[in-house]
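The values are calculated or read from the model by the stated rules, or taken from the named source; none is laboratory data. Predicted model only: the values in this text are computed from it and were never measured. Note that each Cβ is placed from the backbone with ideal geometry, even for glycine, and that neighbours are counted across all protein chains shown. Side chains included, ligands, DNA and RNA excluded: accessible areas come from the protein's heavy atoms. Shrake-Rupley method; radii C 1.70, N 1.55, O 1.52, S 1.80 Å.
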Amino acid sequence: MFPLTRARRLRRSAAIREMVRETRLDPGDFVYPLFVRQGRGIKNEISAMPNNYHFSPDTLIDEVGAAVAEGVPAVLLFGIPEHKDEVGSEAYDDGAAVQVAVRDLKKEFPELVVMTDVCLCEYTSHGHCGVVRDGEVLNDPTLELLARAAVSHARAGADMVAPSDMMDGRVGAIRAALDAEGFGDTAILSYAAKYASAFYGPFREAADSAPQFGDRRSYQMDPANSNEALVEVGLDIEEGADIVMVKPALAYLDVIRRVRETYEIPLAAYNVSGEYSMLLAAAEKGWIERERTILEVLTSIKRAGADIILTYHAREAARLLA
C-alpha cells in the first residue's frame with residue numbers, strides 16, 4: 001500500500017524500464033509481405049500503401065536483400081498475375097511471378113524463410129477466393145485448385161504456404177496434396193481466423209483483388225464473433241496447420257489473446273494494409289508520432305500473444321529496434 005509501495009520506482013530510468021519490460025519486440029518476429037509481378041526492372045509504388053511496391057523478381061531481390069540485412073527473417077509473397085480467368089489458373093502455373101520469385105529468392109538467400117499466399121482472388125476474373133457458379137462461391141471444387149497452387153509453390157522452393165481463402169477443409173486438402181507430391185516438410189501457415197474486415201481496402205488496390213460482385217462474408221468470418229475463431233483455429237490444427245493466424249490484428253487483439261490462451265501452436269497475426277495506411281496517413285498529418293506509434297502497435301500485437309507478426313512496417317520497425 002502507498003506510500004510503502006510505489007510503482008513508479010521501476011520507471012525511473014530507461015535502464016530500469018528495460019530490465020522489467022514484459023514484452024520484447026524483435027526483428028526476428030516479423031514477416032514482410034511483398035507483391036511480385038512478371039517483368040524486369042519493375043518497382044511501382046502502390047498509391048494506397050506508401051513505401052510499398054509492385055516488384056518484378058529482379059528488383060524484389062534488392063528489396064529482400066535490404067530487409068535481410070536489417071534482420072527481417074521471412075517474407076510473404078503475393079502474386080500479381082498477367083492474366084485472370086474464371087478459375088485463377090495463373091495461381092498454379094509453375095512459370096508465374098510468385099513461383100519465379102521463390103526460386104530466385106531461395107537461390108540468393110538460402111536461409112530466408114519464404115512464405116507464399118495461397119488464394120485465388122488475385123487471379124480470378126471475378127475477384128472471389130474460389131470457384132464461382134451461378135453467383136455462388138463453391139467450397140469443395142475450390143480445394144483442388146488451392147492444393148495445386150500450394151504444390152506449385154512448394155515445387156518452386158517455398159518453405160511455407162499460407163492459405164488465405166477461408167474455404168472449409170482447405171488445410172487438410174493442401175496437407176494431403178503436399179505429402180502426396182513429396183513435400184512433407186513444407187509447412188502450412190493457415191489464415192485460420194480471417195475476418196470479413198473493412199481494413200483490407202488498400203490491399204485490394206495493391207492486388208487488384210476486389211470482388212466483382214457481392215462480398216466475401218459467406219466465407220470470411222463475422223467481425224462480431226470470437227468463439228467461432230476458436231472453432232476455426234481448432235479445425236485447422238486438426239487438419240495439419242503448423243502455424244495459425246488471426247487477421248486483421250489491431251481490431252482483433254482480444255481474439256489473438258483468446259487463441260493464445262486456448263492453443264499452444266505457434267500463432268501469427270497480420271497487421272493489415274488498412275492498419276498500416278491509417279497510421280501513415282495520421283503521421284503525415286502530424287497527428288501522431290510515426291516511429292513511436294509503429295513500435296507501440298507492433299508491441300500491442302505481440303503483447304496480445306502473437307509469436308509472429310506479418311507487417312508492412314517490417315523494415316522500418318527492424319531499423320528502429322536496431
Search segment 16-30 for residues that are touching a residue at least 60 places away in the same chain (Cβ under 8 Å) and pair each with any residue that is open to solvent by 80 Å² or more (accessible area, probe 1.4 Å) and not in a loop (DSSP other than H, G, I, E, B) when their beta-carbon atoms are under 8 Å apart and the residues are at least 6 apart or on different chains.
-> Glu22/Arg303; Thr23/Arg303
Picked from segment 157-175 (must be open to solvent by 20 Å² or more (accessible area, probe 1.4 Å) and not in a loop (DSSP other than H, G, I, E, B)), the residue nearest to Asp94 (Cα to Cα) is Met160
If Ala154 satisfies every condition in (1) open to solvent by 30 Å² or more (accessible area, probe 1.4 Å); (2) in contact with a Phe, Trp or Tyr (Cβ under 6 Å, 6 or more places away or on another chain); (3) of a type in the set (A, V, I, L, M) but one, which is the exception?
-> (1)
Residue under evaluation Leu178, criteria (1) open to solvent by less than 20 Å² (accessible area, probe 1.4 Å); (2) outside any helix (DSSP H, G or I); (3) within 19 Å of Ala91 (Cα to Cα); (4) of a type outside the set (Val, Ile, Thr), criterion not met = (2)
Would you be able to tell me the number of residues in segment 247-281 that are more than 16 Å from the chain's Cα centre (by Cα) and crowded, with 24+ Cβ neighbours inside 10 Å?
-> 2
Residue count, segment 181-223 (criterion: among the hydrophobic types (A, V, I, L, M, F, W, C), outside any loop (DSSP other than H, G, I, E, B) and surrounded by 14 or more Cβ atoms within 10 Å (Cβ to Cβ)) | 10
Among residues of segment 15-42 being over 30 Å from Asp62 (Cβ atoms) and among the acidic types (Asp, Glu), the residue most open to solvent (accessible area, probe 1.4 Å) is Glu22
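Any residue at all in segment 103-119 that is touching a Phe, Trp or Tyr at 6+ places or on another chain (Cβ under 7 Å) and in contact (Cβ under 8 Å) with a residue 12 or more places away in the chain?
For segment 103-119, residues touching a Phe, Trp or Tyr at 6+ places or on another chain (Cβ under 7 Å) and in contact (Cβ under 8 Å) with a residue 12 or more places away in the chain: present.
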